[in-house]
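One structure is given here, and the rest of the page talks about it.
The values are calculated or read from the model by the stated rules, or taken from the named source; none is laboratory data. Computed from a predicted model, the values in this text were never measured in an experiment. We place every Cβ from the backbone using ideal geometry, glycine too, and count neighbours over all the protein chains shown. Please note that ligands, DNA and RNA were not included when accessible areas were found on the heavy atoms of the full protein model with its side chains. Shrake-Rupley method; radii C 1.70, N 1.55, O 1.52, S 1.80 Å.
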Amino acid sequence: MKRKIGIVTFHYVDNYGAVLQTWALKKYLNSMPDVHAEIINYVPENYQIFPYERTHEGIEMMQKKRLKYETFLQQEELVTKPMQHSLTGKEYDYYIVGSDQVWNLEFRENVSNEYLFPNLDRDAKRISYAASIGKKISPSEVDLFRQYLNKFSAISVREQSSVQELDALGIKGVDTVVDPTLLLDAEDYETLIKEPDNKPSDFLFFFTYPMGDEVRKYIPFVNNLARENGLSIIHSLVGSPSTLFSNNVGCMMYEGIGEFLWYIRNARAIVTMSYHGVILGRLFGKPTYVIHREHGWGRLEQLDRIIDLNDSIIKNDWPMKKWSISDSSKDLGNLTEWRTRSRSFLKSALEG
């Protein structure tokens, strides 16, 4: 008889990486012997996806993008059951929470702390896989983590820094594992790739979610790298002036999951501060440049231990260095060792 596993994560948010890590975890778990894993369609009550641009056209474009997301979730069977707003009972043999920042209690997705499994039956088997806290645990959160994580039968996190924090709270035996997207190879994602309607050629892909001074100061780097290598630029900055980039061929942020992967696979080079943008760029063997940012750097610091970001990190001193696309390493560092460790964690957790 197959072990029945329910996965709870951020499958519903407007984030390419969040949806792809959901897909990757389900796919990997279902490749294990005697396992049937499915996504629990938990969405916080009254949760909203906000448009990037609060104009009639912006709202319409966002609705079209959400339709692409919903179609992907249904086609890949990531959503097979009605939406629910709480997690109770004992429907599954195991409940797995993760990955992504499911334990960042400042996120609006965590309005009722459901990702800590506060309302499951006492005997329900709880596991976390690559859960990320994404920040320091605040004093007001200490009791919540102590109360609920001590009910887990196996705990793994995405960042090594969280192991020490949880250990200090008396939560022992926590493992560090790779993000679900790193459990798979580039070939595994090929079936998801969808060619965009207006595909560019010979382009650099600049992908980042936030737009502000921290990002804006690296636009000259993006423009220089593109000009020196004769590349056009596809980017993710909705509403940005067309003159912001040299040889600007457009914004892709209203595209679906498949098109996003197409841009990753077909880019001549990638510049990003996105965690999953880095992972997917490296898996597809693309020269991938990582913008250093103070906020949230811990997860990329951990990623450096796994796939060796090497000399591809872009800091304030970038004008003092010479950059060439061939300089960005395609080597995947210690990934084989980390994959073995992560797969062993899941195997052990599901046998416990």
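In a GNM of the chain with a 10 Å cut-off on Cα contacts, which of Leu204, Leu169, Leu78 has the highest mean-square fluctuation?
Leu169
Could you give the size of the charge dipole of the chain about its Cα centre, using +1 on the Cβ of each K and R and -1 on the Cβ of each D and E, expressed in debye and rounded to the nearest 20? List each step's numbers first, then the result.
Numbers: 42 positive and 47 negative charges, 51 e Å.
The calculation lands at about 240 debye.
Suppose accessible area is computed on protein heavy atoms with a 1.4 Å probe; arrange Met320, Met253 from highest to lowest.
Descending accessible area places them as Met320, Met253.
Just name one of Leu192, Val43, Gly170: the one whose Cα is farthest towards the positive end of the charge dipole of the chain (beta-carbon charges, Lys/Arg +1, Asp/Glu -1).
Positive-most Cα among the choices belongs to Gly170.
Once the Cα gyration tensor of segment 278-337 is found, what semi-axes does its equivalent ellipsoid get, as square roots of 5 times the eigenvalues, in whole Å, sorted largest first?
19, 16, 9
Between Lys64 and Asn224, 0.36 nm times their residue separation minus their Cα-Cα distance comes to what?
Value of the extension gain: 54.3 nm.
Limiting things to C-alpha atoms, what are the Rg and the maximum Cα-Cα separation (Dmax) for segment 28-139, in angstroms?
Radius of gyration, then largest Cα-Cα span, for segment 28-139: 16.4, 50 Å.
How large, in Å, is segment 108-219 by the Kirkwood hydrodynamic radius built from its alpha-carbon pairs?
Hydrodynamic radius (Kirkwood, Cα only) of segment 108-219 equals 17.6 Å.
State the percentage of accessible surface on segment 199-352 attributable to carbon and sulfur atoms; use a 1.4 Å probe and exclude ligands, DNA and RNA.
44
Quick check: with the 1.4 Å probe, what order do Asp34, Asp179 take by accessible area, largest first?
My answer, sorted largest first, is Asp34, Asp179.
Excluding Met1 itself, what net charge comes from residues whose Cβ is under 14 Å from its Cβ, given Lys and Arg +1 and Asp and Glu -1?
+1
Could you please report the charge total around Ser86, scoring K, R as +1 and D, E as -1 over all other residues with beta-carbon less than 12 angstrom from its beta-carbon? Please list the in-between numbers first.
Details: positive: none; negative: Glu45, Glu114.
For residues surrounding Ser86, the net value is -2.
I need the semi-axes of the equivalent ellipsoid of the chain: take the C-alpha gyration tensor, multiply each eigenvalue by 5, square-root it, list largest first in whole angstrom. Working shown, then result.
On the way: eigenvalues 231, 102, 77 Å².
Equivalent ellipsoid of the chain: 34, 23, 20 Å, largest first.
Using +1 at the C-beta of Lys and Arg and -1 at the C-beta of Asp and Glu, which of Leu116, Thr71, Pro82 has the Cα lying farthest in the positive direction of the dipole of segment 47-173?
Of the listed residues, the answer is Leu116.
Roll a 1.4 Å probe over the protein chains and send me the accessible area per residue for the chain in Å².
For the chain, the solvent-accessible area averages 45 Å² per residue.
List the aspartates and glutamates whose Cα lies under 14 Å from the Cα of Lys199, skipping any in the same chain that are fewer than 8 positions away.
Glu255, Glu259
Just the Cα atoms of segment 207-294, one point each, no solvent: what log10 I(q)/I(0) does Debye give at q = 0.12, 0.18, 0.20, 0.23 Å⁻¹?
-0.32, -0.77, -0.98, -1.34
How large is the convex hull of the Cα atoms of segment 239-352 per residue, expressed in Å³ as a whole number?
Convex hull of Cα atoms, per residue: 154 Å³.
Top to bottom by accessible area (1.4 Å), largest first, where do Arg158, Arg122, Arg341 land?
Arg122, Arg341, Arg158
Using just the C-alpha positions of segment 132-283 as equal point scatterers, what log10 of I(q)/I(0) does the Debye formula give at each q in 0.18 1/Å?
Debye intensities relative to I(0), on a log10 scale: -1.01.
How big is the equivalent ellipsoid of segment 5-67 along its three axes, where each semi-axis is √(5λ) from the Cα gyration tensor, reported in whole Å from largest to smallest?
Each semi-axis is the square root of five times an eigenvalue, giving 30, 12, 8 Å.
How much of Leu280 can a 1.4 Å solvent probe reach, expressed as accessible area in Å² and rounded to 10?
0
Which value, in debye to the nearest 20, gives the size of the charge dipole of segment 132-280 about its Cα centre, when Lys and Arg are +1 and Asp and Glu are -1 at the Cβ?
Dipole size: approximately 380 debye.
At 7 Å along the Cα-to-beta-carbon direction for both Asp188 and Arg122, put a label point, then send me their distance in nm to one decimal.
3.8
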